[in-house]
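Report on one structure; see the data block that follows.
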There are 4 protein chains.
Amino acid sequence: MVKVGIVGGTGYTGVELLRLLAKHPGVALTVITSRSEAGLPVADMFPNLRGHVDLVFSEPHVDNLAQCDVVFYATPHGVAMAGAGELLARGVKVIDLGADFRIKDIPEWEKWYGMSHTSAELVDEAVYGLPELNREAIKNARLIACPGCYPTAVQLGFLPLLEQGLVDVDHLIADAKSGVSGAGRKASVGALLCETSESFKAYAVPGHRHLPEISQGLRQVVQGEVGLTFVPHLTPMLRGIHATLYATLTGDADLQTLYETRYAGEPFVDVLPLGAHPETRSVKGANTCRLAIHRPQGGRTVVVLSVIDNLVKGAAGQAVQNMNIMFGFDEITGLDHVALLP
Amino acid sequence: MVKVGIVGGTGYTGVELLRLLAKHPGVALTVITSRSEAGLPVADMFPNLRGHVDLVFSEPHVDNLAQCDVVFYATPHGVAMAGAGELLARGVKVIDLGADFRIKDIPEWEKWYGMSHTSAELVDEAVYGLPELNREAIKNARLIACPGCYPTAVQLGFLPLLEQGLVDVDHLIADAKSGVSGAGRKASVGALLCETSESFKAYAVPGHRHLPEISQGLRQVVQGEVGLTFVPHLTPMLRGIHATLYATLTGDADLQTLYETRYAGEPFVDVLPLGAHPETRSVKGANTCRLAIHRPQGGRTVVVLSVIDNLVKGAAGQAVQNMNIMFGFDEITGLDHVALLP
Amino acid sequence: MVKVGIVGGTGYTGVELLRLLAKHPGVALTVITSRSEAGLPVADMFPNLRGHVDLVFSEPHVDNLAQCDVVFYATPHGVAMAGAGELLARGVKVIDLGADFRIKDIPEWEKWYGMSHTSAELVDEAVYGLPELNREAIKNARLIACPGCYPTAVQLGFLPLLEQGLVDVDHLIADAKSGVSGAGRKASVGALLCETSESFKAYAVPGHRHLPEISQGLRQVVQGEVGLTFVPHLTPMLRGIHATLYATLTGDADLQTLYETRYAGEPFVDVLPLGAHPETRSVKGANTCRLAIHRPQGGRTVVVLSVIDNLVKGAAGQAVQNMNIMFGFDEITGLDHVALLP
Amino acid sequence: MVKVGIVGGTGYTGVELLRLLAKHPGVALTVITSRSEAGLPVADMFPNLRGHVDLVFSEPHVDNLAQCDVVFYATPHGVAMAGAGELLARGVKVIDLGADFRIKDIPEWEKWYGMSHTSAELVDEAVYGLPELNREAIKNARLIACPGCYPTAVQLGFLPLLEQGLVDVDHLIADAKSGVSGAGRKASVGALLCETSESFKAYAVPGHRHLPEISQGLRQVVQGEVGLTFVPHLTPMLRGIHATLYATLTGDADLQTLYETRYAGEPFVDVLPLGAHPETRSVKGANTCRLAIHRPQGGRTVVVLSVIDNLVKGAAGQAVQNMNIMFGFDEITGLDHVALLP
């Protein structure tokens, strides 16, 4: 059994990790830490875990965590970069669900995240944990930077087009919509039901932290610059991301076949038939990304629809998928859920 | 492997059955019928099943169904009573998620359901599938009448009090709130998002079909008459029932201990600590009933809070639980889900 | 024009007051104070007010407020009792939407609200602002204690029965459901969309601050003790309260006629026809209380259904209704809205 | 008083028209027709109208309607074109909230709406009722074709850019999100709460009926062809449209000033300050369109955010605004509502 530790299990990605790992046949949930909740049984905070998880929050001491084979960080940025180094030094693999190791350009990271990066050397080593792009590197990684939720939906949607050089990469548009759980589980006026229910809005149009992450990923694919406009929106629902992607075709191809071929072997990417409209609820609680491809009115604009559950394929599920790859489990182990509908 | 058939898999209890059975290690999904959708792959109707269920809807011919070991009816009332007899005669066990076999008093059933009952003889044989009450009878049953959703939440909440004769049974009140999925998946104005979202209302206060079912169950426990006022309410959410139960104590007891003891061995009933307030989301997608007991201001009125997921413990999950008991599986097989939170 | 001041306009009752008063033909919005937001235009905080309200938040100095004819307190408890005295001394009328002057029994108030009361002498003077009960006293009042949201819905539902002595007052039950806006507009985990959407729960079953307020009101009507069990629930919607009231009949009466007669002249109480089920959305944004009366199965239990918009008839609308009465306006002035449906 | 008739008041635009007109000081609600509901008081169908509207549905006879000064059609397409001619002939003005007279190209209309057009001659006469574009023509019109909801939000967002020739009109993108009330009040599975809540999806990506309407409007502005990709999405809320518009700048201008100047005199268009993100809830129940302009990262892509309430500025409110212009009322009469927040 792989011994697992979790740092920061009091948020929505934390409870989602626990939901997934509690039923994973190959792991032993060993440690969960939270400075503020030390001493509290996890199931007292999240009653859905009663009868499934009997862990108690403990202080985030490195000695507690070092007994694990792998430690997940489900923390705000800045925490993982402070702790990962020592854990790695003590032979523990680290999977960061946060943003600390996602962006290779340190000054760029520091600009967007507003703090100094204290582990620049680990950024180099970290493998960006998008299995559909980096599966081989993940296998041997010690340190995984799990992609953000928007970046997962957007990159999986754009990848086949960009890999084949079929579109004008100077004018890509990603119009993305997220459920409110993306805002996390912390006291704030902006995420109150009364501020977010029965309303819809864009936010961070001048610039969102996921923009440099997505751009970095797309640049790597095209081996050059890309021009991306990324507009995130807050949607009155709990879970789910719907990315609507627009690009102008420069070449010709059977797009449907292209996508089906690209993702043929992928257990967690499902290309819908031509003309389909994926619903976010079709992936609620599941680690799946569903895609559909359109060329409205047969024009040069291609529209890709991409849906994920931001807490699963966009966070905790993808983290477990990475763990499965790193530790030699079948990739779908513990992740083969049917989405909850309705 | 137990071969399973489903009649009427186009509703919410149907897709929920498929979600649960698709991952049940002991069953083979063999037949699913729908007169209106014959020929359609189930996963075309419910995309969450893509990659998990490859069944195609077929005509509801008895020969198709008779090859199964057990057939679930997830149909409106009137369908199961027309087909169950022949299936039983051919050695197939039947689990009805509908109302056809729940009420022993045939004229009473006919009054509430507005049609003649055509299988009165089977009503006698049918076992009321509330495992916490009838586990032994279920083991050997050929025909199960699965309890309704409200009756499950209300009976599990009242049982310990009534079994011990601690309350005035002439003045029981069950104020129950249900998500909209209880209204089913059929075209109707009343269940539109625009008619049900951002609103709350009572309905069927003069009389709801679940009233005689609950009363029958409570009468059986007390071996006498009961006076129950049952008021159901429609709640703007997808899943979940919250029953708030009121009774006047006539005797004395440590109620918390009473409930904990009564349900100590039950895998799907979870008695919360004193003073707790169960949330319906703590059972979303899970087969659990969570209960909490209160005596406000230390008075003679006891308040029991009971929550279930109406589609799981209130329908499909309880049906699978019954199947597990009937076929000798561990009772939690295929039902050990952690609720999806948030 | 009546010059109006508002203390604490940054919450939901505050913005609702502004919505109503901005279109009231007889008032001039003169001052709005907020210590934390001084200098900010109100419409920058609440964009729905753009073009309708050009007030700027100012410091809560008494000199600012003393130029008004009436000041509304839309503040947490403890604020109004600190400021009302001086305003009254300077000839300003005060309408408190909070709890400071609702409960006549000071030690009782202090027990439930957890602080010392510093204006006990004003509690005596304050008129409980339920116009359907106290219209005459309101006319000449200097200081109004606006009822809480639950107390408004519950008292209007019970009043006719209690006034006529028709029910057993030792066993009253009020099972009440509220939208999340009742929790206010402050940073808290408990009121996040992700904690409250798609879920339903009871809360404060051991005791809620509105219990002593309701009991005080009912005791006054029956001129004696009452036994009330009050269970509030949190409902996944923005606005609305639905109170389901249970009582046991001791006398006989035509209940429908009783209610219609009792409220015949009331502009904001609407008794629905026999057998109806009021929806909270039928009063969304309106100052109306809608009631329906039932006797399920013709038994001795009477069920009253009572709905209001907690921010209107349960708070800001009722406050304006009180102001209308105090200043001699037609009672419906500025309050004659059609509810927003859907 | 202007005598008003409504054909088809059983849908959401119908009840919204009634909400607005019931408080309009210059009109007398005279006739409301519905074939299916003849004889029913309107307030029995929509309880929010109790006490405000005492009309009874009548048969849709032309003689009933001909006594009016103006008749609103709040009907599915095909109804207004069958009845408008005779009403016009009898001196009644007609305002169609449906699609019958919106598209000047009859074969194009017939292709998208799937029926023959029986009143081609009236299409020529009809004035497209977008006051911000056609105010003068509306003043003298006999027949108004009210714009669709999406076309209103999209055109108001694009107009200033296109009028000034500042963007590449061959590559316009309108990514639009609508609440579920846009689907109307008719029995259908697709608009059930259980099919639409807690989910988000695009629909009609291959082609939506509002595409030719928007294109026609934009072509008229630029006096030439436009290339528009229009992707509508279904959002889990009752009301509101958010259009996110993308265009590539070809010229230079101070966009903020451009928009503020263009809409300076418009009572129902509100340009937010630079960098703002309008929320749909800021216009809930109000006839306002709120706009914000962005140039992310200072690039050549301009992003316009445009929000309306689809039932008000996108339907009933805009219809009343047209009526006000046609009959010489102040344009904001009966429409000066503050949006309901929260």
Treat each spin label as a single point 7 Å out from the Cα along the C-beta direction, and report the C:Ile106 to B:Thr250 distance in nm. 4.7 nm
Tell me which residues come under 5 Å, amide H to amide H, from A:Val2 once H is placed; ignore anything under 5 positions away on its chain. A:Val27, A:Ala28
Once fully extended, how much extra length lies between A:Glu225 and A:Asp330, figured as 0.36 nm per residue of separation less the alpha-carbon to alpha-carbon distance? 34.2 nm
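Short version: what are the Cα gyration tensor semi-axes of the stretch A:110-218, square root of 5 times each eigenvalue, largest first, in whole Å?
Details: eigenvalues 147, 88, 39 Å².
Output for the stretch A:110-218: semi-axes of 27, 21, 14 Å.
Just to verify a number: FRET efficiency for D:Glu125 and D:Asp170, C-beta to C-beta distance, R0 = 45 Å, to 0.05?
Working: r = 32 Å, r/R0 = 0.71.
E between D:Glu125 and D:Asp170, to the nearest 0.05, is 0.90.
Could you check what % of the DSSP bridge pairs in the stretch A:2-125 are antiparallel, to the nearest 5?
5 percent
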Quantify how strongly other chains surround peptide D:222-235 by giving the mean number of their Cβ atoms within 10 Å of each of its Cβ atoms. 4
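Is it possible to state the helix-based mean residue ellipticity at 222 nm for chain D, with each DSSP H run of 4+ residues giving -39500 (n - 2.57), the sum divided by total residues, to the nearest 500 deg cm²/dmol? What is it?
Dividing the helical sum by the residues of chain D leaves -8500 deg cm²/dmol.
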Mind listing the long-range amide H neighbours of C:Phe57? Cut-off is under 5 Å, sequence gap 5 or more, other chains count too, H placed in the peptide plane at 1.01 Å from N. C:Gly39, C:Leu40, C:Val42
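With N set to the number of residues, divide the alpha-carbon radius of gyration of the protein assembly as shown by 2.2 N^0.38 Å and report two decimals.
Values: Rg = 31.4 Å, N = 1368, 2.2 N^0.38 = 34.2 Å.
The protein assembly as shown yields a ratio of 0.92.
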Let me know the mean shielding of C:202-215 by other chains, meaning the per-residue number of their Cβ atoms within 10 Å of its Cβ. 3
Between copies, how far apart are the C:Pro107 label points? List them in nm, one decimal, shortest first, with each point 7 Å from Cα toward Cβ, please? 6.1, 7.2, 9.1
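Over the stretch B:201-342, what lengths in whole Å, largest first, do the semi-axes of the equivalent ellipsoid take, defined as the square roots of 5 times the eigenvalues of the alpha-carbon gyration tensor? Spell out each step's value before the answer.
On the way: eigenvalues 121, 75, 63 Å².
They are 25, 19, 18 Å, listed largest first.
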Computed over the stretch C:25-180, Cα set: Rg, Dmax in Å: 18.0, 55
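Let me know the shape class of chain C, please: from the alpha-carbon gyration tensor, a ≥ b ≥ c as square roots of the eigenvalues, rounded when a/c is under 1.5, otherwise prolate if a/b is greater than b/c, or oblate. Before the final figure, lay out the partial values.
Working: a/c = 1.60, a/b = 1.49, b/c = 1.07.
Prolate, because a/c is 1.5 or more and a/b exceeds b/c.
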Can you name the chain C residue with its Cβ nearest the rotation axis from C to B, and give the distance in Å as a whole number? C:Asp175, 2
When each copy gets a label point 7 Å from Cα toward the beta-carbon at C:Gly275, what are the spacings between them in nm, shortest first? 4.7, 4.8, 6.1
The stretch A:46-77 and the stretch C:105-130: distance between their alpha carbon centers, rounded to Å: 47 Å
Residue-ordered couplings for the stretch C:123-128, obtained by feeding phi - 60° into the Karplus form 6.51 cos²θ - 1.76 cosθ + 1.60 and rounding to whole Hz (Gly and Pro as x), are 4, 4, 6, 4, 9, 6
C-alpha center-to-center spacing [the stretch B:220-240, the stretch C:161-175] in angstrom: 22 Å
Once the label point is set 7 Å along the Cα-to-beta-carbon vector, what list of distances in nm do you get between D:Pro41 and its counterparts in the other copies? 4.5, 5.5, 5.7
Once phi is turned into ³J(HN,Hα) by the Karplus curve 6.51 cos²θ - 1.76 cosθ + 1.60 with θ = phi - 60°, what whole-Hz value does each residue of the stretch C:37-53 show in order, with x for glycine and proline? 10, 3, x, 8, x, 4, 6, 6, 7, 10, x, 5, 8, 4, x, 10, 10
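Readers should treat all values here as calculations from the given coordinates under stated rules, not as data from a laboratory. In this text, all values refer to a predicted model and were calculated from it rather than measured experimentally. Here the Cβ is made from the backbone with ideal geometry for all residues, glycine too, and neighbour counts use every protein chain on show.
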